């Protein structure tokens with residue numbers, strides 16, 4: 001039987017937030033893939049290896065998926081990555097694809113999944129704790145209560161959202177455009193908090209918009225709640 005491709009979420013940064021299931025499946029298999037050119041330098045590997053030290057001795061497969069805007073270049077890199085993984089699957093070996101957070105939420109795994117699945121191979125996904133849930137926990141706050149809607153918006157700096165829909169907001173993937181994001185948020189009546197590098201050794205928490213630095217890092221997540 002062909003191997004199975006597992007998309008395994010390692011959570012936001014703290015290895016103690018990895019699930020028991022993720023740890024077990026990683027231990028049981030020998031081929032580990034990560035998006036990047038050097039698996040040991042990826043954030044996902046650095047998180048997982050602290051929970052599963054045996055990762056150091058496994059076969060590590062880098063999946064080069066450069067962050068480019070050109071759709072054709074993206075398609076080519078995803079295809080190359082899928083073909084590399086499929087070589088192992090065809091040899092009846094399972095492949096573990098490590099990804100930050102949860103594999104179903106804005107994950108690089110989904111690009112590979114679609115191709116491998118269409119080529120007839122079996123996929124299994126193992127959930128991880130999403131960054132926004134971990135960030136809310138770090139701030140000791142809820143994301144939504146009773147009937148409040150919750151809106152998850154990536155790259156809000158590229159959209160025309162007025163942030164005036166009912167409910168609360170999670171703003172992701174806007175760290176590099178924090179100045180413009182803050183300007184938009186200041187025009188709203190929302191209570192703003194942010195966690196940078198959630199679950200990592202250099203985690204920082206900000207309880208209001210005035211404290212958020214203009215040069216916040218890539219792993220910055222904003223929670224905006226109705227007053």
* **Only listed residue being buried (at least 22 other Cβ atoms within 10 Å of the Cβ) and either under 15 Å from the mean Cα position of the chain (by Cα) or farther than 21 Å from residue 194 by Cα (or both), chosen from 125, 105, 96** => 96
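Could you please give the count of residues in segment 110-132 that are assigned to a loop (DSSP other than H, G, I, E, B) and more than 17 Å from residue 34 (Cβ to Cβ)? Give the steps one after another, and end with the answer.
Of all residues in segment 110-132, those assigned to a loop (DSSP other than H, G, I, E, B) come to 119-121, 127-130.
Next cut, more than 17 Å from residue 34 (Cβ to Cβ) only: 119-121, 127, 129-130.
Residues that pass the stated criteria total 6.
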* Asked: Does residue 107 meet the test of being more than 28 Å from residue 7 (Cβ to Cβ) and in a loop (DSSP other than H, G, I, E, B)?
  -> no
* Asked: For segment 1-93, list the helices (runs of 4 or more DSSP H) that sit wholly inside it and hold at least 1 residues that are touching a residue at least 40 places away in the same chain (Cβ under 8 Å) and closer than 30 Å to residue 203 by Cα; which are they?
  -> 20-28, 43-51
* Structure fact -> The condition from (1) at pLDDT 95 or above; (2) more than 30 Å from residue 32 (Cα to Cα); (3) surrounded by 17 or more Cβ atoms within 10 Å (Cβ to Cβ) that residue 203 misses is numbered (2)
* Asked: So which of 45, 97 ends up being over 22 Å from residue 132 (Cβ atoms), touching a helix residue (DSSP H, G or I) at 6+ places or on another chain (Cβ under 7 Å) and not assigned by TED's automatic domain parsing to the domain that holds residue 152?
  -> 45
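If the requirement is being within 15 Å of residue 123 (Cα to Cα) and buried (at least 20 other Cβ atoms within 10 Å of the Cβ), which of these qualifies: 6, 111?
On the way: 111 fails: buried (at least 20 other Cβ atoms within 10 Å of the Cβ).
None of the others qualify; the one that does is 6.
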* Could you tell me whether any residue of segment 149-170 is touching a strand residue (DSSP E or B) at 6+ places or on another chain (Cβ under 6 Å), closer than 30 Å to residue 30 by Cα, surrounded by 14 or more Cβ atoms within 10 Å (Cβ to Cβ) and in contact (Cβ under 8 Å) with a residue 40 or more places away in the chain? => no
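Given the criterion within 22 Å of residue 129 (Cα to Cα), surrounded by fewer than 18 Cβ atoms within 10 Å (Cβ to Cβ) and at pLDDT 95 or above, identify the matching residue among 50, 87, 79, 58. Show your work before the answer.
Numbers: 87 fails: within 22 Å of residue 129 (Cα to Cα); 79 fails: within 22 Å of residue 129 (Cα to Cα); 58 fails: within 22 Å of residue 129 (Cα to Cα).
Checking each option against the conditions leaves just 50.
The values are calculated or read from the model by the stated rules, or taken from the named source; none is laboratory data. Just so it is clear, the model here is predicted, and its values are computed rather than measured. Every residue, glycine as well, gets a Cβ built from its backbone with ideal geometry; the counts of neighbours run over all protein chains shown.
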